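The values are calculated or read from the model by the stated rules, or taken from the named source; none is laboratory data. Not measured: the values here are computed from a predicted model. Don't worry about glycine lacking a Cβ; one is built from the backbone with ideal geometry, like all the others, and counts go over all protein chains shown. Surface areas here come from the heavy atoms of the whole protein model, side chains and all, with no ligands, DNA or RNA. Shrake-Rupley method; radii C 1.70, N 1.55, O 1.52, S 1.80 Å.
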Amino acid sequence: LSVNKMEKCVEEQKENCLLEVNKNKINLDNIETKNEHKLVYLNNIIVINSTFEDFLKEIIKEIKKYGKNIMKQKQDNQSYLEYLKKNLNLDIDKEIEICEYYRLIRNKYIHNSEDNVKIPKLLNDIKINTYDSIKFDDFVIFSKSTLIVAKKIYDKIEYDYEKILIENIKKFLKYRNNKEKFIKIFTEYIKTEFKEENVNYENLFNYIHGS
């Protein structure tokens, strides 16, 4: 699940949320209406959280398979985001706190929990709401934060391009005698599936040329 796919999902969910809230042009001061809207916002937070969690799980697998980053064993009490923060030294505490806060909001809603989810002190200057006062703004804040965190994670990944080549070598064997063509095709591939950063094309071509 790439960052681009996440962005598309967020935009689609934002549109769905607005359509759901506005479709009946009802009185926003009505208590029942407010509760209905709150459920819409909570359901959309669930969708964003699910998309984000899927992204985190997939990116952890990708790093372990293709990355140079050292990934220690995940502890049972660690969220996927906390695990990535520790192993990649992510330095965006506020956005991570926002994502973790809404993950707990999601858990409270899904499990019908009586536990109180407190707004972290780090977020006191941000207009986020408590569980009982969730609004559309919360959905926007959460979705924006997931994208910021996702992009930061990608920035921190150090890919091992030789591993990528070896794992997908069948895609490139037919170019092993054409250096220029190999570099062009391999570049397109990693830009689409991973990212291009400090790639030693000479070494990669020598590897495939000798295969």
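Descriptive notes on the structure:
- Taking the conditions (1) modelled with pLDDT of 95 or more; (2) open to solvent by 70 Å² or more (accessible area, probe 1.4 Å) in turn, TYR83 satisfies each one other than (2).
- Summed over the stretch 65-110, residues that are within 17 Å of the chain's Cα centre (by Cα), in a helix (DSSP H, G or I) and among the hydrophobic types (A, V, I, L, M, F, W, C) total 7.
- Condition check for PHE136: of a type in the set (A, V, I, L, M, F, W, C), touching a Leu at 6+ places or on another chain (Cβ under 8 Å) and surrounded by fewer than 17 Cβ atoms within 10 Å (Cβ to Cβ): yes
- Residue that is farthest from LYS64 (Cα to Cα), among those in the stretch 167-180 that are among the hydrophobic types (A, V, I, L, M, F, W, C) and surrounded by 13 or more Cβ atoms within 10 Å (Cβ to Cβ): PHE172
- The residues listed here are ILE183, ILE157, ILE153; of these, the one that is open to solvent by less than 80 Å² (accessible area, probe 1.4 Å), within 22 Å of GLY210 (Cβ to Cβ), of a type in the set (A, V, I, L, M, F, W, C) and touching a helix residue (DSSP H, G or I) at 6+ places or on another chain (Cβ under 8 Å) is ILE183.
- The listed residue being closer than 30 Å to GLU196 by Cα, touching a residue at least 24 places away in the same chain (Cβ under 8 Å) and exposed (fewer than 12 other Cβ atoms within 10 Å of the Cβ), out of LYS72, LYS94, LYS65: LYS65
- For first residues located in the stretch 115-131 and open to solvent by 100 Å² or more (accessible area, probe 1.4 Å), partners that are assigned to a helix (DSSP H, G or I) and lie 6+ apart or on another chain with Cβ distances below 7 Å form the pairs ASP115/LYS108; LYS127/ASP137.
- Residue that is farthest from LEU147 (Cα to Cα), among those in the stretch 111-134 that are part of a loop (DSSP other than H, G, I, E, B) and of a type in the set (A, V, I, L, M): VAL117
- Exactly one residue out of GLU197, GLU188 is in contact with a strand residue (DSSP E or B) (Cβ under 9 Å, 6 or more places away or on another chain) and open to solvent by 50 Å² or more (accessible area, probe 1.4 Å), and it is GLU197.
- Residue count, the stretch 97-114 (criterion: of a type in the set (A, V, I, L, M, F, W, C), open to solvent by 30 Å² or more (accessible area, probe 1.4 Å) and within 18 Å of TYR80 (Cα to Cα)): 1
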